[in-house]
Amino acid sequence: MSDATNSHERIQETETKPFPGSGGWLADAAALINTSAGTDEAESGALDALGDRQAAEQGLIRPWIEQNALWVPEARLTELLLGGTEHDVERIGDPVTHVRRVTKPTNEKAGTGYGFTPVANGSLHLAPASLSAYLRRLLLLNEIFPEVAMILEGFIQTQQRIEVVTLQSYVPGRLLGDLASEIGKQEVRQLIERWFRRRGFVKISLFDAKPANLIEWHGHLFPIDVNPARPTGELLRVIRAAL
């Protein structure tokens with residue numbers, strides 16, 4: 001308990017040290033695909049509309065993937081492990097240097113959705129994200145938290161659709177979910193909220209800033225898989241009304 005408490009105190013007192021982020025292929029892919037259906041997500045999050053959008057976006061990006069030889073060979077995915085609702089993961093190197101993430105459908109039956117994104121239809125809620133929204137999210141993550149920047153490795157073609165493959169530098173700490181078992185869930189939640197507030201965030205809903213998506217290492221927090229968004233339209237109006 002003493003070591004966990006000391007680590008807890010160090011996190012509150014120190015700042016993360018940023019490392020260089022990366023645009024590269026990720027920025028190019030996001031710019032290309034945003035020319036299809038635009039940047040606004042369907043407010044309702046309807047799966048039929050999402051399916052149509054997904055087909056259009058994949059039709060647009062497939063020739064670009066082929067032109068730039070960005071298909072990832074299946075032989076490279078040798079030890080992919082079952083992850084959460086958004087990605088399967090693989091640790092690379094011995095010792096580990098990177099983590100590979102491969103997207104999977106949010107709705108397995110329909111084969112749609114790249115994780116979730118906040119939307120508004122009178123109130124704030126979550127809906128399955130389009131491919132373009134997912135790529136914009138990664139770019140925004142790199143911009144806000146360059147210490148955990150994602151690099152686009154490429155894409156794979158499954159029977160259902162195109163999946164995104166990314167690489168992230170390995171952070172050899174421990175998930176805050178493990179720390180919660182030592183110092184308490186409420187204490188960890190307060191720790192996360194304070195950490196984000198010090199960086200200029202205002203709490204409305206922490207739907208993705210959860211202990212399973214942050215790592216503690218040497219007294220620093222690393223948001224390895226949070227879901228930032230740059231709100232527009234109705235979503236921005238609902239957020240402003242909540243402030």
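The values are calculated or read from the model by the stated rules, or taken from the named source; none is laboratory data. Every value quoted in this text rests on a predicted model; they were computed, and no experiment measured them. Heads up, the Cβs are rebuilt from the backbone with ideal geometry, glycines too, and the neighbour counts pull from every protein chain shown.
Looking at the stretch 195-217, is at least one residue touching a residue at least 60 places away in the same chain (Cβ under 8 Å), farther than 23 Å from residue 89 by Cα, in a helix (DSSP H, G or I) and out of contact with any Pro (no Cβ under 9 Å at 6 or more places or on another chain)? Within the stretch 195-217, none of the residues are touching a residue at least 60 places away in the same chain (Cβ under 8 Å), farther than 23 Å from residue 89 by Cα, in a helix (DSSP H, G or I) and out of contact with any Pro (no Cβ under 9 Å at 6 or more places or on another chain). Of everything listed in (1) more than 29 Å from residue 29 (Cβ to Cβ); (2) surrounded by 13 or more Cβ atoms within 10 Å (Cβ to Cβ), the single unmet condition for residue 206 is (1).
Taking the stretch 42-64, which residues are over 21 Å from the mean Cα position of the chain (by Cα) and at pLDDT 90 or above? Selection gives 52, 55, 56, 59, 60, 62, 63, 64. Counted as qualifying within the stretch 68-142 are the strands (runs of 3 or more DSSP E) with 2 or more residues that are touching a helix residue (DSSP H, G or I) at 6+ places or on another chain (Cβ under 8 Å), modelled with pLDDT under 95 and not polar (S, T, N, Q), namely 116-120, 124-128. When residue 171 is tested against the conditions (1) in contact (Cβ under 8 Å) with a residue 60 or more places away in the chain; (2) under 22 Å from residue 98 (Cα atoms); (3) in a loop (DSSP other than H, G, I, E, B), the lone failure is (1). Among the candidates 90, 147, 143, 108, the residue that is under 20 Å from residue 171 (Cβ atoms) and without any contact (Cβ under 8 Å) to a residue 24 or more places away in the chain is uniquely 90.
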